[in-house]
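To keep things clear, I will list the structure first and then write my remarks on it.
The values are calculated or read from the model by the stated rules, or taken from the named source; none is laboratory data. Because the structure is predicted, anything quoted here is derived from the model rather than measured. Positions of Cβ are generated from backbone atoms using ideal geometry, with glycine treated the same way; all protein chains shown enter the neighbour counts.
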Amino acid sequence: MPTAQQPDTPNGSASASLADTLVALAATADDASIIDAHLAQVVRLAVDTLAAVDYASITAWRGQGYTTVAASSDLARAVDQAQYADKAGPCLHALEEAAPVGVSDIAAIMSWPGFYRAAHGLGLHASLSIPLFAGSGKPIAVLNLYGRDTATMAPLIAAVRAVYTGQPPPATDRPGGIDAGAQQLLTGLTQALTVRATIQQATGVLMARDNHSPAEAYRQLRLRAAETGLSLTDTATALLDGVAGPH
């Protein structure tokens, strides 16, 4: 089938921001060849941008199992592999539930023994696994953030949870310690979820109007994007504007 015009290609330049890359990923078709390049750039920028994070990786389901698509170090890859071996851990839970999973104190975790042994043994004290979405709105991967300092990771965990739930964090967890790098992550996630909502609303219009299944509605939206040369986001926005009529 025709492929919709894709957002900017990751180029590793200094101008590429973490927020921009997350938004570009959300607007990219799930099966586009550029997906893995976006994911690799997210890992690189996360480690470069987030002061609380020492290591990062991307978990995805490929073929018959989970795999680490990109990692900032072998240490992050080892913690991921321990979870795959156990078929349990925060990164798998985040992907399955499409919700962020934060572990503010790895030393106290009892739910995932394999994860605990690997992470604690490598000197990690906190982690945050964040589901990432592409054009269809389904989670395609998880960004795993690993840190050695629980005090700096805790505000980040609370703030990311708040972005996904749409609720402010509890008073005791309010992210007062959020720095500019963490704010860039939060901005990117917020904007990516907005892109996701726009595309989902447009597919909902096609489902209701043309009696399409969700998969067919998404396919039709992609065809429209390919025919017009617009991105999925712009195509979805134009469709919604047409339904709303003139203001």
**Q.** Checking Leu206 against (1) assigned by TED's automatic domain parsing to the domain that holds Cys91; (2) assigned to a helix (DSSP H, G or I), the condition it does not meet
**A.** (1)
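Picking from Leu156, Leu124, Leu189, Leu128, which residue would you name as being in the same structural domain as Gly89 (by TED's automatic domain parsing), modelled with pLDDT of 95 or more and either touching a Phe, Trp or Tyr at 6+ places or on another chain (Cβ under 7 Å) or within 30 Å of Leu223 (Cβ to Cβ) (or both)? First the steps, then the outcome.
Values: Leu156 fails: either touching a Phe, Trp or Tyr at 6+ places or on another chain (Cβ under 7 Å) or within 30 Å of Leu223 (Cβ to Cβ) (or both); Leu189 fails: in the same structural domain as Gly89 (by TED's automatic domain parsing); Leu128 fails: either touching a Phe, Trp or Tyr at 6+ places or on another chain (Cβ under 7 Å) or within 30 Å of Leu223 (Cβ to Cβ) (or both).
Just a single option satisfies the conditions, and that option is Leu124.
May I ask you to verify whether Thr228 is modelled with pLDDT under 95 and not assigned by TED's automatic domain parsing to the domain that holds His120?
Details: modelled with pLDDT under 95: yes; not assigned by TED's automatic domain parsing to the domain that holds His120: yes.
Spelling it out, Thr228 is indeed modelled with pLDDT under 95 and not assigned by TED's automatic domain parsing to the domain that holds His120.
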Q. How many of the residues making up segment 162-178 are modelled with pLDDT of 90 or more and surrounded by 13 or more Cβ atoms within 10 Å (Cβ to Cβ)?
A. 3
